[in-house]
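Asks: One structure, pasted below without further comment.
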Amino acid sequence: MGKVHQEILPRRANNSNLADYGQAVTYFKWEDVERQFSWYETGKVNMAYEAVDRHVEEGRGGKTALIYSDPVREESYSFADLKEKSNRFGNVLRKYGIGKGDRVFLFMPRQPDLYFSLLGILKIGAVVGPLFEAFMETAVKDRLEDSGAVALVTTPELLKRVKREELPDLRHIFLVGGYSDPEKGLISYDLESASASVELEPEWLGLEDGLIMHYTSGSTGKPKGVYHVQRAMIQHYYTGRVVLDLRDDDIYWCTADPGWVTGTSYGIFAPWLNGITNVVRGGRFSPRDWYSTIERCRVTVWYSAPTAFRMLMGAGNESLKGVDLSSLRHVLSVGEPLNPEVIRWGDNVLGQRIHDTWWMTETGGQLICNYPGMDIKLGSMGQPLPGITAAILDDQGNELPPYSMGNLAIKTPWPSMMDRIWNNPAKYEEYFRIPGWYISGDSAYMDDEGYFWFLGRVDDCINSSGEMIGPFEVESKLVEHPAVAEAGVIGIPDALRGEIVKAFISLREGYLPSDALKDEIAAFVKSGLSAHAAPREIEFKDKLPKTRSGKIMRRVLKAWELHQPAGDLSTIED
Ligand code: 6R9
């Protein structure tokens, strides 16, 4: 791996929160983070208490915790409101015999009650499982069945997708905006919550007690239930400070849905553990709508994903006319590699450097990041946070020198590391097959200054005539071409070269597909990157297949290409 695209952006003038922890890695101790929690003194642990009640008890109850809006309503709730609403629902759950360790799932659109009920579930020590609202019958059933969920919070509309007769463990359904029907096990969330007490003693837990489950789909086979425990709050709180750089007067907006780990770790836990005002926007994405949300709510810290930034970029500067984004002071990205072109767009158009962060459902929190106070290298995921050790390992577990491509691995443990894969210990062990390390399944390299560079999922890397090609590098070059909105790159079998590079491309507004354009784009990659990485085949698509969290599904592109079954598709966007 050569010294490619090492374009360095100077560090911003920023007096970072990292100073709280001594700035330098050598001084960092997790214990200094742990001291911030009440349980450090009391021994009484509960995530919802730390994220909500604690602020009320310490005199911050009147502060706005949640600003919810969608095209038809805008409401805000204080920390005291969150405490009251989650206490009420916690009491309802207790009334129906639900308690510590029970799995309670959420299946509803993003709306305030989703947040209240999630906190209520955590208050009584149950484990919460948020599902994407767009899941269809089988996706819902598989997850409820595997987790053995005893209760579900949903809406009358979405209830139609719940195959209750096939789910014997599912005893109670709480309907938001619906009526009780005891014979059918249906309970009105609204009426029961309204008559429940506002007083509740939280269930006091240990750091190893359950917190949340997120199902994540592997490339094949059924989705895995990634199970996290209370201990994760240490990482959520800490990264909220040093990576999100949250300060008391921030207005923070994480655009992710709670069905995706980003929407809980960083859409709920990190901001509220830090007592920050959190914006939630319901409804569908549109550039106008997103820009005006930033303007109207005076968002200061904004966490989103490359797919969204690319869509905003693709929509052109027209959609920015007349909007004031000057409230922004810190912008971050997660979920997919962040193309250098997108960072340049952020610098020029948003007036903000977009900070890439790398982590996974299984890691529970951010691990390798561009955080305030460090120099950013365009196209790099950044460096391991203080407290985290990362390395590139070969398949035998040997640490590889700088610039070698290999398995991105993290030294175990860290606070938010997954506790298990529900019902699947063998799958869990696979991640830890090399003693002392967590193997991420991503392929990357490290440079001689300790910055990490993402290449692709291990399964997605392409071997063409003996040269290893990471799809990300090719995709990033492709999106620099003015006609290209998004690109997904895969390897396809080739008799001569082993594999060749094929690119699926969606075009920007105003461009039409043609053979001449294909040639031009291929030549652009050839001259800008290398001959072997240039796509030998290009196919134009109106849309690329993506997950609900915005990841291009390369394995689906590959399955289409090879006329093979595409594996689990429950998380695909419609
Ligand atoms: C948080 C989240 C994890 C996979 C991960 C990697 C990809 C995430 C990335 C990134 C390059 C980044 N990924 N962040 N790739 N640069 N900054 O996304 O969790 O949905 O489990 O996905 O996403 O391939 O292994 P999850």
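Asks: Given H placed 1.01 Å from N in the peptide plane, which residues other than close sequence neighbours of residue 203 have an amide H under 5 Å from its amide H?
Replies: Residues meeting the amide H criterion: 124, 125.
Asks: Once the mean 1/r over all distinct Cα pairs of segment 362-456 is inverted, what Kirkwood radius in angstroms do you read off?
Replies: Every distinct Cα pair counted, the radius reaches 13.9 Å.
Asks: Restricting to Cα pairs below 8 Å that are 6+ residues apart, what does the relative contact order work out to for segment 78-229? Please round to a whole percent.
Replies: 26
Asks: Another question, then. For residue 298 paired with residue 35, estimate the spin-label separation in nm (one decimal), with each label point 7 Å from Cα along the Cα-to-Cβ line.
Replies: 3.4
Asks: If you don't mind, another one. Report ³J(HN,Hα) in whole Hz for each residue of segment 59-75, in order, from the Karplus equation J = 6.51 cos²θ - 1.76 cosθ + 1.60 where θ = phi - 60°; Gly and Pro get x.
Replies: For segment 59-75, the Karplus curve yields x, 9, x, x, 5, 5, 9, 9, 10, 9, 8, 9, x, 10, 9, 9, 9 Hz.
Asks: Across bins of 10 angstrom width beginning at 0, how are the C-alpha pair distances of segment 210-331 distributed, in whole percent?
Replies: In order of increasing distance, the bins hold 12, 39, 31, 15, 2 percent.
Asks: Sort the following peptides by mean Cβ neighbour count (other Cβ atoms within 10 Å, averaged over residues), highest first: 322-334, 80-92.
Replies: 80-92, 322-334
Asks: I want the antiparallel fraction of DSSP beta bridges within the chain, as a percent rounded to 5.
Replies: 60
Asks: What value, in deg cm²/dmol to 500, does the helix sum -39500 (n - 2.57) over DSSP H runs of n ≥ 4 give at 222 nm once divided by the residues of the chain?
Replies: Taking each H run of at least 4 residues, the total per residue is -7000 deg cm²/dmol.
Asks: If you wrap a convex hull around the Cα atoms of segment 316-357, how much volume per residue is inside, in Å³?
Replies: 77
Asks: What's the Cα-based Rg to Rh of segment 112-227, Rh via Kirkwood?
Replies: Across segment 112-227, the Cα-based Rg/Rh ratio is 0.97.
Asks: With the Cα gyration tensor of segment 451-537 in hand, give its eigenvalues times 5 under a square root as the equivalent ellipsoid semi-axes, listed largest first in whole angstrom.
Replies: In descending order, the three semi-axes are 21, 15, 11 Å.
Asks: While we're here: Once the Cα gyration tensor of segment 36-86 is found, what semi-axes does its equivalent ellipsoid get, as square roots of 5 times the eigenvalues, in whole Å, sorted largest first?
Replies: Ellipsoid half-lengths, sorted descending, are 26, 10, 8 Å.
Asks: Shifting gears a bit: Relative contact order of the chain: what whole-number percent is it, with Cα pairs under 8 angstrom and at least 6 residues apart?
Replies: 12
Asks: What three numbers, in Å, describe the spread of the alpha carbons of the chain along their principal axes, ordered from the longest?
Replies: Over the chain, Cα extents along the principal axes are 69, 56, 54 Å.
Asks: Would you grab the residues whose amide H sits under 5 Å from the one on residue 373? Only those 5+ places off in sequence or on another chain, please, with H modelled 1.01 Å from N.
Replies: 12
Asks: Antiparallel versus total DSSP beta bridges in segment 297-389: what percent is that, nearest 5?
Replies: Within segment 297-389, antiparallel bridges account for around 35 percent of the total.
Asks: Net charge near residue 257, counting Lys/Arg +1 and Asp/Glu -1 over other residues with Cβ under 11 Å of its Cβ?
Replies: Cβ neighbours under 11 Å give a net charge of +2.
Only the coordinates and a few stated rules stand behind these numbers; no lab work does. Note that the structure is predicted; figures quoted are calculated from it, not measured. Note that each Cβ is placed from the backbone with ideal geometry, even for glycine, and that neighbours are counted across all protein chains shown.
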